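Only one structure is covered here, and it is reproduced in the block below.
The values are calculated or read from the model by the stated rules, or taken from the named source; none is laboratory data. As the structure is a prediction and not an experimental result, all values here were calculated from the model. Every residue, glycine among them, receives a Cβ derived from its backbone with ideal geometry; neighbour counts consider all protein chains shown. For accessibility, only protein heavy atoms count, side chains too; no ligands or nucleic acids. Shrake-Rupley method; radii C 1.70, N 1.55, O 1.52, S 1.80 Å.
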Amino acid sequence: MSTGPSDLPSLITVAGALIALGIWVGNLKNQVDSSQVEVAQLKGQVTQLQELLQKTQSATLTGLRGPAGQKGEKGDPGEPGPIGPRGPRGEVGAQGEQGTPGAVGRASVSEAAIRDIVNDALEAKLRALPSGKAGNSSQPNGTTNIFDTSDCLQVNEIRSLDVLILRKGLEFCEADGRLLATVGDVAERGYVYIPVAGNGFDQCHLNHKCSFRFMGSQQYVFERVARDDQGVVALFRKAK
């Protein structure tokens, strides 16, 4: 294709534009390259600043703390704090094993010996009661008092006793010496016979509850019968 003289200005214009474009592109590339270099330099400076900052902080802390010294002695304990609230009660523990059974004890005194001691004590108490001698009984001159009532038990003195010990021949009187009853017989088989003065007799059997008219309305239980060197004795206890 041929170019005439009329097309020359156009070509010159296009060529100028291309040259200008090439210059601009070259400048732009140079600017981009410069920017990349500056960025790389900035990165390097930031890294150096970070390293310098870390070294400075480390040196500052070391200067403030100084080197670690030796461990000192343990100080005195402080005052105890207040007692805290009581905790909940724990569960009941399991029952322990049963211990070895102890030796069976034995009575050192026999029942018969205890009975004798009780009987002796009661008889001594009864004998110590005031006697029921007649205060104003007249006696013939020159005669002795053969009707001694000093051993006669006064019923108003013995009604408060819880236990009565009876043996054959024992007498019961009022305060003036009047005879109320006499123990006629105490049988070892468990039987007591008591004549009442002027009014028949009272009787009772072993393990029975009975009453004696000369003792009022109180009832007694015939509990025991035994024999000592003076004969057979019976034990009566107030019934409840």
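List of remarks:
- Amide H within-cut-off set for Cys204, under 5 Å, with H built and near neighbours excluded: Val192
- Packing order of peptides 73-82, 165-174, highest average first: 165-174, 73-82 (average count of other Cβ atoms within 10 Å over each peptide's residues).
- Carbon plus sulfur fraction of accessible area for segment 155-223, probe 1.4 Å, in percent: 45 percent
- Residue-normalised accessible area of segment 156-240, given per residue in Å² at a 1.4 Å probe: 54 Å²
- Net charge, Asp162 excluded, C-beta distance under 9 Å - Lys, Arg +1, Asp, Glu -1: +2
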